[in-house]
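Just below is one structure, and these are the notes that go with it.
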Amino acid sequence: MCVGLLCDRDQEVVLSAEMPLVKEVTTTLREWGSIWKQLYVVNTPTLCRLMWDLMEWRSQLLSGTLPSDEFKELKQKVTSKIDYGNKILELDLVVRDVDGNMLDPENASVINLFRAHQDATTKINDRIKEEQSNIQSDHSGISARIQSSPTHSLYVFVRNFVCRIGEDSELFMSLYDPNKQTIISENYLVRWGSKGFPKEIEMLNNLKVVFTDLGNKDLNREKIYLICQIVRVGRMDLKETNTKKCTQGLRRPFGVAVMDISDIIKGKIECDEEKQYFIPFALVGDIVQIRKEYPHLVDRSTVVARKLGFPEIIMPGDIRNDIYLTLWAGDFDKYNKTTQKNMEVIMMVCDEEGKALKTSSHLQPGAGDRPLNEYRSVIYYQIKQPRWMETFKVAIPLEEMHRIHLRFMFRHRSSQESKDKSEKNFAMAFVRLMKDDGTVLQDGLHDLVVFKGDSKRMEDVNSYLSLPSARHGDVHKGATLSRSSSSVGGLSVSSRDSFTISTLVCSTKLTQNVGLLGLLKWRTRPELLKENLEKLKIIDGEEVVKFLQDTLDALFTIMMEHSQTDDYDILVFDALIYIIGLIADRKFQHFNTVLEAYIKQHFSATLAYKSVLLPVSQTLPHLLSNYLRTLKALEYIFKFIVRSHCRDILLPMMLRELSGALKDMGEGPHDDRRNSVELLNNILEVLSRDNVGETFQHIQDIVVSLLMTINRTVITMGREHTLISRVVACMTAILSQMDDRHYTLYLETFSGTRDLVDFLMETFMMFMDLIGKHVYPSDWMAMIMVQNRVFLRAINIYADTMNLKFLNNNDFEVQLWNNYFHLAVAFITQESLQLQHFSPTKRNKILTKYGDMRRLIGFAIRDMWYKLGGNKICFIPGMVGPILEMTLIPEEELRRATIPIFFDMMLCEHKHSTHFHKFENEIILKLDHEVEGGGGDERYMELLENILLECAIEYPFMKPEVEHFVTLVKGLLVRLLDYRTVMNDDSRNNRMSCTVNLLNFYKDINREGMYIRYLYKLRDLHMAVENYTEAAYTLLLHSRLLKWSDEQCGPQFEMGSSQTQRQQKEYLYDTIIGYFDKGKMWEEAIILCKELADQYENEVFDYELLSQSLKQQAKFYESIMKILRPKPDYFAVGYYGQGYPPFLRNKVFIHRGKEYERREDFQNQLMSQFPSAVRLNITTMPGDDIMLSPLQCILMVFYDCCGRVLFYKSNYVQRFHYSRPVRRGPVDPNNEFVSMWIERTTFTTVYKLPGILRWFETTISPLENAIETMESTNEKILTMINQYQADEALPINPLSMLLNGIVDPAVMGGFAKYEKAFFIEEYTQKHPEDRDKLARLKDLIAWQIPLLGGGISLHGKRVTDDLRPFHERMEECFKHMKKKVEKEYGVRDLSYPSPLSRVQSVGPLPRPTQTGTRVYQEHTRNQAHTYTHTGEKWHTHSIRPHTHTHARTHGSRPTVMDTNMEPNTKPSLSPSLSLSLSPSLPLSLVPLHIIPPSGLPDNAPPQYPTLQRSAGSVSVGDEGVAEGEVKLRKSKRKKKRSSMIFIQEERDRTHTMDSKRVRETQTDGRV
């Protein structure tokens, strides 16, 4: 359906310049735009349609050409669309005034703002329900307005009537309720001609009708039909052919058509104008509204058919005086006729003389038809009991009502015209429309008396008017009729005939209620006044509101005229309360304007306050106590009071009654409690206006009487209570209307300190509860912000009171101050103030209207803290957590202002206890919780560090402790931020890694509670993916913290129902054993079973449990022998690039594969975690170009091992080798093995696998890093020397910068930093295992001197004259450097072999003097080459360390270091035979293992060139494996093998928790 609007171009045009509505649309579109992008991905078209509509309407608004009526219509559509879109997008609710403009909270009272939110929520929720009911989108505009307009209309356009009748016909269309079998509207009458056209040809294609006054109740009817009753007008029988002899003009029933329009009228289906039947449209509004909004449908020619009865909302000014009469049914005897009569009823309106009124026509059979002077019924052929059910309207002027009556004549009609002319009226009936008491005829059925007699006598009014008209009902004054009498006045009563009609009065001027009529005309019967006042309460409200002004005038007139007595005061006031209560009913809500006008224009002019309301004030307590529970609206009572001069007297009395009612909010009927709150809200709303005079004292009365009562009511009411939001709004309104004087006066009313403290504490508790859980929906942003502003002002005023009265030591109230601080922090951290979470639009809106309240309360907290002085210690550590929560708010100025409080706390505790351990423990505990919840960022970490260190400068005695604390917290923050980042990540591996990082940290700083907490988080992550082995190792760490004792568990150990440490540990062991069993790690399960068995046998002597444990062990041994366990694969993964989080960035990890996991599956699973990552197809460690790039690059190397291998060769492993073949020297086409070399890299993981993770990092110690750096530097020097020797055209600058950066101590590019870090006694004592590495580093430093000498010599030959001073300075620096190094680390000589020579052949190696295997290592260009002699030949390997990737070589086997080694002999370097030469040299030999010992070889193999590398493989180091096997077989009381961390035994065995990457050589190659 297209809805167009007819516009008057002469109307005022609404301009769009700076139009608030355009700004709102623009802002809304911007806010929706970002959300639309997200919804577009998930294919949500709703928002897209909404935005298109808004953009189109915005263009219309900007055009500036809209007439005012079109602008109003468009504005309504725009605001409705915005509100609907905000709701479905879960944005803030927009509250509007009656004109559709956004309501400004600054210009609205709290109560008005609250009610506006309620109304807006109701409307939008109704709209959402309609949308969910699949209402068509084309009707969405109408559906959105259904609830806003309680009146609806149905538009019907009749295009054609096709029926072969051959005579004229009448079409009666009306609305019908089939369930109640009731017609609910007037008829729409169309007179159709016999030729197939309307009788009035100008009505062709213009047959339109609007059925109006339909309410929501009508739309909610289960079924609504549009019916069309067809009456033909012509012959008695259509079969009669001789039309000339037939009686014409008879109304005969022909048929009926029915159409179910339930879905149409409810807007559920779309109307199709092309369908060939009545075209109905559902329209919103009454006839005035739809004529304005749908002028193309409803114009002046459109017929209006009203509802039978009043609409649900009776509009002021809607004057009706309609009486609907229905010819119901009759029963007529045939008397002397052989057949039943063809009965016709003729009705006319007659005056008291019996004459038909001639002034105008008064009978209207249907809307759209001309009125008639008489109405003739349909004729049913030879029917004894006809049921006409014909309804028509009787429209009589009000002044004529008292003297008219309706007369019904009954006549038999013949089909033959000749006979019909001789027929006369044989009976009659009548009915008066108004009774003698002045009331109108009652609605309903009326069984009328049928009189028989002479036709002339029946027209004589004197013959019947004095007789009763109905068989049952009121008897007219003076009328008597005995059943025995057969004739009265010439007429006889026909006992064999009956006639029934029904009437319905729709009049705003006539009443059917005697009591109301008696009240309106009370002067005529003053003796009945008291009775009529009492009857008013039982009168139907519809009757009362029709005479609202007249009734109010009567009531106040009664009070005025009886002001000398109090006989009627209570009754009149009771009646007044009843009437005002009716206005609160939605059915009569539009009469609010009538009542408002009456109060302003009539009551104020009566000056009735002295004689009317003063007596009422004396009875008010009685009235309130009786009627407060039943009143629906007391707003106007108070308006009467405000308009009068009695407010000072009446208000205190009402407040006393309200105080008692509010105390009992938890008891009594819901409506009573609701009415009490509404009364107070109405009072506050009225007092908030500007035009009610001075209100200071009235507000003060309310505060003194009700503030504490309301506070306690809010505290005791549950947050789910239906009235809680109303009560909180009432409390907020009181606080908002209080000025500083109100606060001051109220606080002075407390008699003692204790009472004031109790009030403040109760208020703080209430505020904190309301802030923590708002009683309003989350989208009521304006209401919440207004409440926050009111609360903030109250908090600051109460804080000033605390400073004045409760700060001194004698008066200091710890709990009160504690409540204040917790309230203030709760206020500042509430979600509704966290601007960083809001869209820019919402954030700017809040800042513009309310400012950043966080800063205001934050600065107040800081000031209050510093005022505490020596009392600060009372709040440590209790306030550490709240202050931390406040400082984590991402607002720069707030952080800078509040972080110094931390140092003040540390200083306070340090002065009190010489340390700040409580503060430190508390902040670590709370920091974990807050960061996990979303607080904190890297900027906070920087500010915390800088501010605390700056504060510590003024207190040198605390500086070391503060620095330690800052380091500790910074380390924790780094890990917590990483953990929070990955918690919502799809990568479970990342979550596990960060969890391990955190539990490591907490273990190192001895925070067992937090450590255990993260252990169980890690356990849960493992169990989610069935990592049973890793879950077992995780729980095993917890069990190691427990002892086999009956001591009670501490709080951090409590779990389940266990009470003692023994019970707890036993429970954990049972769980762990179950996990190991599922993970097929039966060896570990056996160890725990043995420990349990020892306890059962030797400690608790529980042999039943011992038996079960031994059976478990037996089962596990059997599983080891019989069940095949596939050997897991190991994969090395390197994460390179700055795109990874810090805990992965540029690091290498060894992963333990799952059972039967294929290489492709592992690779796909890994790549799925990082969809943007690029897999590197290289086998060497990437360079800085990749490591420093913003990309994510993954390097994977795979390992696979097949065949039956011992369990311990693939478990409890920590060292891993990656080997790959390389070719060097000339290639022999006949024998490729001649030039094949092996390059091998060894990795050492942090912990053994399997462990608490399926992967561990491979890291390098600081000392190893220094060694690698020195190796790289030496290699750079040598490479550059070779380049400059080969090409004399190269510029000298790169060589100058390299050499100067090393030899010049001012540049700090040399090795001096290594000397300070490692060559000190403290490092040697802490790391005795690094003795060989320290020697290696010293050797590299010593070898750097001859390389630098060669480079400087070359530089001197190439340097230009202008750089000669620079060169000379460099020579001077080198001279001092050389002297120092040769003195401390010895002299190195490049004479043998020459560092600059290039020998391309590989010669024979010296023959060993004794049998056995001799292994040498050659270092060239950062590669390790191994020479091994077995028998008659030397075997050479090239081993180059590089960062880990994954590879798999099927069929490979672990490399054995020495074939002559005894079992359980660990290979090691022999210091006595070690000759350390620079790896930067072309050739250096280092003996690795000589078994049996022998001297050095006589010569060494020559240097060789590096060839292109090929793919390799990874092997698992077996040093630890051999040791593990021997220990298992030799010792029954062996030491437990475990890869768990933080176990003291493991710490003692490894001496360090740092990971290492070891590069060493293996022998397995050929020449």
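Most tightly packed first, judged by the mean number of other beta-carbon atoms within 10 Å of their residues, the peptides 446-453, 548-555 read 446-453, 548-555.
Relative to one another, the C-alpha centroids of segment 1001-1029 and segment 1091-1116 are positioned 28 Å apart. For segment 1073-1208, a simple Cβ point-charge model (Lys and Arg +1, Asp and Glu -1, everything else neutral) yields a dipole of about 600 debye relative to the Cα centre.
What the Cβ-Cβ distance of residue 1094 and residue 715 gives, at R0 = 51 Å and to the nearest 0.05, is a FRET efficiency of 0.30.
For segment 1283-1367, the set of GluC sites (Glu not before Pro) satisfying both a DSSP loop assignment and a count of at most 16 other C-beta atoms within 10 Å is given as 1288.
Does segment 724-768 classify as rounded, prolate or oblate by the C-alpha gyration tensor (a ≥ b ≥ c root eigenvalues; a/c under 1.5 gives rounded; else a/b over b/c gives prolate, otherwise oblate)?
Oblate shape, in that a/c is at least 1.5 and b/c is the bigger or equal ratio.
When peptides 766-778, 1358-1370 are sorted by average Cβ neighbour count within 10 Å, with the highest value leading, the order is 766-778, 1358-1370.
Taking all protein chains together and rolling a 1.4 Å probe, residue 1149 ends up with roughly 10 Å² accessible. According to the square roots a ≥ b ≥ c of the eigenvalues of the Cα gyration tensor, what is the shape class of segment 927-1043, taking rounded for a/c under 1.5, prolate for a/b larger than b/c otherwise, and oblate for the remainder? Taking the square roots of the gyration eigenvalues as a ≥ b ≥ c, segment 927-1043 is oblate. To the nearest 10, the accessible area of residue 793 is 80 Å² with a 1.4 Å probe.
Once C-alpha pairs closer than 8 Å and six or more residues apart are averaged by separation and normalised to the residue number of segment 985-1096, the relative contact order reads 20 percent.
Which whole-angstrom value gives the distance between the alpha carbon centres of segment 1130-1167 and segment 824-874? That distance is 45 Å. Selection among 699, 681, 716 by position relative to the dipole of segment 674-748 gives 716 as farthest towards the positive end (Cβ unit charges, Cα centre). For segment 945-1101, the Cβ-based charge dipole about the Cα centre amounts to some 320 debye (Lys, Arg positive; Asp, Glu negative; other atoms uncharged).
Dipole size of segment 754-846 about its Cα centre, with +1 on Lys/Arg Cβ and -1 on Asp/Glu Cβ: approximately 520 debye, rounded to the nearest 20.
Determine, for each peptide in 1227-1236, 156-165, 819-828, the mean count of other beta carbons within 10 angstrom over its residues, then list the peptides with the highest first. Write down the numbers at each step before the final one.
Details: 1227-1236: 11.7, 156-165: 14.9, 819-828: 22.3.
Highest-to-lowest ranking by the protection proxy: 819-828, 156-165, 1227-1236.
By DSSP, the beta bridges lying fully in segment 1125-1238 are antiparallel in about 90 percent of cases.
The values are calculated or read from the model by the stated rules, or taken from the named source; none is laboratory data. Remember, predicted model here, so these are calculated numbers, not experimental data. Backbone-built Cβ (ideal geometry, glycine too); neighbour counts: all protein chains shown. The area values use the complete protein model at the heavy-atom level, side chains included, leaving out ligands, DNA and RNA. Shrake-Rupley method; radii C 1.70, N 1.55, O 1.52, S 1.80 Å.
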